[in-house]
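For reference, the structure discussed in these notes is given below.
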Amino acid sequence: YKMIRLGVNIDHIATLRNARGESHPNPVKAAKFAINHGADSITIHLREDRRHIKDNDLFNLKKIKKIPINLEIAATEKMLKIALKTKPSFVCIVPEKRQEITTEGGLNVKKNKKKIKKVLNKLNQKGIRTSLFINPSLTDVKLAKILGAKCIEIHTGKISNLINNNKRYKKELKKIRNAAKIAKEAGLKVHAGHGMTYKSAKILSKITDIEEFNIGHFLIGDSIFIGLSNSIKKFKKLIK
């Protein structure tokens, strides 16, 4: 068996900093800290409204060679430009609606095929590992492969909510397991993320086709009580 990699999303450290409009807590310092305490990579979502991560955060993070950055962006010209300029190790294309509080589901791959394909092509040419954030749907997995993505990241928000509210989650788990299996068979790398807690991460870590979890909100939130190094360690232990 192999260990699932842990990507730590530091968006909400930037949210906390922005609440004051000053420079503390510093997301770059947090990224270094997370990597030193067991995170395998750092995920940041540069949103169109810059509500947490700012361009400067990305540029400053990019200067630190030992930090693999997974940049989440919407499939827009502006965002593509920024990604091509900063050349992060990984780019994950995510859906984005102005009014949403957080990403509510996977990309509508079918509807945005042309746009997504164009962005993927440009990033692939630059040797940036590309990923699509999708729902656990077999159609979307197949489309991701056709459009040229190298990985998929399965949206785990729905299953995490079901698990946290002690509702039946087996049907959703089966969907995720199937999507991961089909993706792997198609030669795609399989990642998962969104809404994950200790409980849902433990359950999802049983799916052997998943290679990487990206966890942010809950991990950062729990670090208020137990410290960032401990919340990272706790996730690492659970997903072994």
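The values are calculated or read from the model by the stated rules, or taken from the named source; none is laboratory data. Quick caveat, the model's predicted, so the values are computed rather than measured. Every residue, glycine as well, gets a Cβ built from its backbone with ideal geometry; the counts of neighbours run over all protein chains shown. We work out accessible area using only protein heavy atoms, side chains counted, and drop any ligands, DNA or RNA first. Shrake-Rupley method; radii C 1.70, N 1.55, O 1.52, S 1.80 Å.
For the reader, a short list of remarks on this structure follows.
- Pairing each residue of the stretch 160-187 that is free of Cβ contacts under 8 Å to residues at least 12 places away in the same chain with any residue that is among the aromatic types (Phe, Trp, Tyr) and surrounded by 15 or more Cβ atoms within 10 Å (Cβ to Cβ), provided the two are 6+ apart or on different chains, yields C-beta distances under 6 Å for LEU162/TYR169.
- Tally of residues being within 18 Å of ASN214 (Cβ to Cβ) and either among the aliphatic types (A, V, I, L, M) or surrounded by fewer than 20 Cβ atoms within 10 Å (Cβ to Cβ) (or both) across the stretch 13-31: 5
- When the stretch 11-67 is filtered for residues that are aliphatic (A, V, I, L, M) and touching a residue at least 40 places away in the same chain (Cβ under 8 Å), the ones remaining, listed by number, are ILE13, ALA14, ALA30, ALA34, ALA39, ILE53.
- Of the criteria (1) farther than 23 Å from VAL190 by Cα; (2) among the aliphatic types (A, V, I, L, M); (3) not in a helix (DSSP H, G or I), which one LEU84 fails: (3)
- Restricting attention to the stretch 189-240, the residues that are among the charged types (D, E, K, R) and touching a residue at least 40 places away in the same chain (Cβ under 8 Å) add up to 6.
- Residue tally, condition part of a loop (DSSP other than H, G, I, E, B) and either without any contact (Cβ under 8 Å) to a residue 24 or more places away in the chain or open to solvent by 80 Å² or more (accessible area, probe 1.4 Å) (or both), over the stretch 93-126: 10
- Any chance PRO88 is without any contact (Cβ under 8 Å) to a residue 60 or more places away in the chain and open to solvent by 10 Å² or more (accessible area, probe 1.4 Å): no
- Residue in the stretch 133-140 that is open to solvent by 90 Å² or more (accessible area, probe 1.4 Å), modelled with pLDDT of 95 or more and within 22 Å of LEU6 (Cβ to Cβ) present: no
Every residue, every condition in (1) touching a Lys or Arg at 6+ places or on another chain (Cβ under 9 Å); (2) at pLDDT below 95; (3) under 21 Å from PHE235 (Cα atoms), yes or no:
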position	(1), (2), (3)
HIS12	no, no, yes
ASN18	yes, no, no
GLY21	no, yes, no
ALA39	yes, no, yes
ASP55	no, no, no
LYS65	no, yes, no
LEU84	yes, no, no
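- Scope the stretch 127-142; condition part of a helix (DSSP H, G or I) and either among the charged types (D, E, K, R) or within 17 Å of the chain's Cα centre (by Cα) (or both); matching residues: ASP140, VAL141, LYS142
- Close pairs (6 angstrom Cβ cut-off, 6 or more residues apart or separate chains): farther than 12 Å from ASN70 by Cα in the stretch 127-139, of a type outside the set (Ser, Thr, Tyr) and open to solvent by 30 Å² or more (accessible area, probe 1.4 Å) anywhere: PRO136/LYS175; LEU138/ILE182
- For the stretch 33-82, filtered to residues that are surrounded by 14 or more Cβ atoms within 10 Å (Cβ to Cβ) and acidic (Asp, Glu), the residue that is nearest to ILE152 (Cα to Cα) is GLU72.
- Checking each residue in the stretch 179-201 for being more than 15 Å from the chain's Cα centre (by Cα), assigned to a helix (DSSP H, G or I), buried (at least 16 other Cβ atoms within 10 Å of the Cβ) and not aromatic (Phe, Trp, Tyr) picks out ALA179, ALA180, LYS181, ILE182, ALA183, LYS184, SER200.
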